[in-house]
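The values are calculated or read from the model by the stated rules, or taken from the named source; none is laboratory data. The structure displayed is predicted, hence computed values, not measured ones. With ideal geometry, Cβ positions are generated from the backbone for all residues, glycine too; neighbour counts draw on all protein chains shown.
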Amino acid sequence: MSVLNGLQPKRVFEIFEAIAAIPHGSGNTDAISRWCCSFIHNLGIKACRDNVGNVLAYKNGSAGREEEAPIILQAHLDMVCEKTADKVFDFTKDGIQVKTDGQTVWADGTTLGADNGIGLAMILAVLEETTLSHPPVEAVLTIDEETGLEGAINVDFATLQGRRMINLDSEDEGVFTAGCAGGVRMEALFPLTFVPNHRPAYRVHLKDLWGGHSGIEINQGRCNANRALADFILTLQQQNAVELCSFSGGSVENAIPSEAACVIATDLAENHLLQLAQNLVKTLQEQGESAASVVVEAVSEPLVMHSDCTKAILTYMTESPNGVQAMCKDLPDLVETSLNLGVVRQNEQTLSVLSSLRSSVETEKQALLARLQELAAQKGADTTVSGDYPGWEYRADSALQDTMKQVYAKLTGNEPVVNVIHAGLECGLFCQKCPELDAISMGPNMKNVHTPEERVEVASVARIYAFLVSLLEQL
């Protein structure tokens, strides 16, 4: 039974609900890619999947507009997979459980995937429409945007004729994005050595922090759970009060981690350890993390890390740059350079720390990367760099931007805002492939993307879709 039945625009929300029912986290996009390709084929429109799973579709212009210059509509197929600590959910198998009160749409205990499922649904609705007036439309639906723009990297731009592109991956109605930061991922891999444990062991689970998008909320002072827990354990370790058995936190490198957990061995009494952990939570709450909480429970753990491993890992995590590193000189409200200590994972032999670096200045991005690599080397870790993507430089001579501003003002009576953002967008890669490409990103109002608190505003979706339809008529 449809949950979103009755929301307008009807087809956009029907398609979005169908998308939500298909597991499509980053790295698990084959099913959604095949579904989209089949959906488009069933409309009688030419579509294909490339060798990595991107979907490209080509819709003829409406009657009388067949020979006009094409417009590219672009969105990504994958979503960030985050859930609350108590939610039992398998993102590889379970469909998102959408909910609505008629005003907003959200998910039950998980990310919603409106980033970028709503943009994807709008594009498919446009392809399905038979009464719209529009130039030829080329749809580009990419895989794995959230983990390094992997799909966009592999798009063959020679298969596209369009030199104007509307990206539907923005999250503020009435704001046209015309530039963004570049980014890169770095993994530090620590070899582990274990020794027998002779102390009682406890699992410390820090949770319910705000989290958020590391490109959008990074300037809001939200606490990084990995960093906070590492700081806490390092303080105890320096007092010879604990030994580290394991550490994990975060789920994707471009989301500020909202929870982290570790197992420690200690002679501290359980109630004393709990009190210390609760003091940490109190401090975080005073800093704005109002929902922060901690659980301390006794566990059985026969091994602890060698003290050299513990020191190297904890000092790397606490000495690593994290959060905002510099603000833009020309745009004081815009973050220029940042780093997010995103994911910590451990197996029997190694511990991995995965960080996401962003900057609108390429030299600063590379300088921050070099600084992080040097720190990791000092601590005995091997490093791997991946997902390096360029920034998207603002262009003042954008005919597409001018048309969009005129149509938006006429339709709504309001002047849109044109900005540059710190979050990464695929437009930078496409403009690198095709320097003459004129691109703008837009979207409806969304809040708290990349977190289980993600919501999309229903009325805003309707207004943005109406604007998209009007824009296609005017292009």
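Descriptive notes on the structure:
- A count restricted to region 254-312 and to residues that are over 22 Å from residue 198 (Cα atoms), part of a loop (DSSP other than H, G, I, E, B) and of a type outside the set (D, E, K, R) stands at 8.
For every residue, the table says whether it meets (1) among the hydrophobic types (A, V, I, L, M, F, W, C); (2) at pLDDT below 95; (3) within 20 Å of residue 251 (Cα to Cα).
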{"site": "70", "(1), (2), (3)": "no, no, no"}
{"site": "82", "(1), (2), (3)": "no, yes, yes"}
{"site": "90", "(1), (2), (3)": "no, no, yes"}
{"site": "101", "(1), (2), (3)": "no, no, no"}
{"site": "111", "(1), (2), (3)": "no, no, yes"}
{"site": "120", "(1), (2), (3)": "yes, no, no"}
{"site": "146", "(1), (2), (3)": "no, yes, yes"}
{"site": "161", "(1), (2), (3)": "no, no, no"}
{"site": "167", "(1), (2), (3)": "no, no, no"}
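- Answer residue from region 443-475, given it is closer than 13 Å to residue 13 by Cα and assigned to a strand (DSSP E or B) and is nearest to the chain's Cα centre (by Cα) among those: 456
- At least 3 residues being crowded, with 21+ Cβ neighbours inside 10 Å is the threshold, and among the strands (runs of 3 or more DSSP E) wholly inside region 152-243 those reaching it are 164-167, 175-180, 182-191, 201-207.
- Hits in region 111-144 (condition: over 19 Å from residue 441 (Cα atoms) and buried (at least 24 other Cβ atoms within 10 Å of the Cβ)): 111, 112
- Enumeration of residues in region 203-227 that are in contact with a Ser or Thr (Cβ under 7 Å, 6 or more places away or on another chain) and without any contact (Cβ under 8 Å) to a residue 40 or more places away in the chain: 225
- Qualifying residue in region 104-111 (condition: over 20 Å from residue 210 (Cβ atoms) and either in contact (Cβ under 8 Å) with a residue 60 or more places away in the chain or assigned by TED's automatic domain parsing to the domain that holds residue 17 (or both)): yes
- Qualifying position, being more than 21 Å from residue 109 (Cα to Cα), at pLDDT below 95 and of a type outside the set (Gly, Ala, Ser), among 218, 233, 264: 218
- Residue match in region 57-64 (condition: assigned by TED's automatic domain parsing to the domain that holds residue 90 and touching a helix residue (DSSP H, G or I) at 6+ places or on another chain (Cβ under 6 Å)): yes
Let's see how each residue does on (1) of a type in the set (S, T, N, Q); (2) within 30 Å of residue 320 (Cα to Cα); (3) modelled with pLDDT of 90 or more; (4) surrounded by 18 or more Cβ atoms within 10 Å (Cβ to Cβ):
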position	(1), (2), (3), (4)
387	no, yes, no, yes
405	no, no, yes, no
414	yes, no, yes, no
442	no, no, yes, yes
457	no, no, yes, yes
460	yes, no, yes, yes
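- Some residue of region 372-380 being outside the structural domain of residue 152 (by TED's automatic domain parsing) and at positive phi: yes
- In this structure, residue 368 does satisfy being free of Cβ contacts under 8 Å to residues at least 60 places away in the same chain, buried (at least 18 other Cβ atoms within 10 Å of the Cβ) and under 24 Å from residue 215 (Cβ atoms).
- Where helices (runs of 4 or more DSSP H) fall entirely within region 336-440, those with at least 3 residues that are within 21 Å of residue 257 (Cα to Cα) and touching a strand residue (DSSP E or B) at 6+ places or on another chain (Cβ under 9 Å) are at 362-378.
- The residue pairs whose first member lies in region 286-299 and is within 15 Å of residue 275 (Cα to Cα), whose second member is surrounded by fewer than 17 Cβ atoms within 10 Å (Cβ to Cβ) and of a type in the set (D, E, K, R), and whose beta carbons are closer than 7 Å, counting only pairs six or more residues apart or on different chains, are 296/270; 297/203; 298/270.
- So residue 425, is it more than 28 Å from residue 16 (Cα to Cα) and surrounded by 17 or more Cβ atoms within 10 Å (Cβ to Cβ): no
- Close Cβ contacts (under 8 Å, 6 or more residues apart or on different chains) running from residues in region 85-103 that are closer than 20 Å to residue 291 by Cβ and assigned by TED's automatic domain parsing to the domain that holds residue 18 to residues that are at pLDDT 95 or above and β-branched (Val, Ile, Thr) comprise 87/110; 89/110; 99/3; 99/105.
- Candidates 139, 125 - the one that is in a strand (DSSP E or B) and touching a helix residue (DSSP H, G or I) at 6+ places or on another chain (Cβ under 6 Å): 139
- Lone unmet requirement of (1) surrounded by fewer than 22 Cβ atoms within 10 Å (Cβ to Cβ); (2) in a strand (DSSP E or B); (3) not charged (D, E, K, R) for residue 247: (1)
- Scanning region 131-177 for residues that are without any contact (Cβ under 8 Å) to a residue 12 or more places away in the chain and under 24 Å from residue 403 (Cβ atoms) yields a total of 1.
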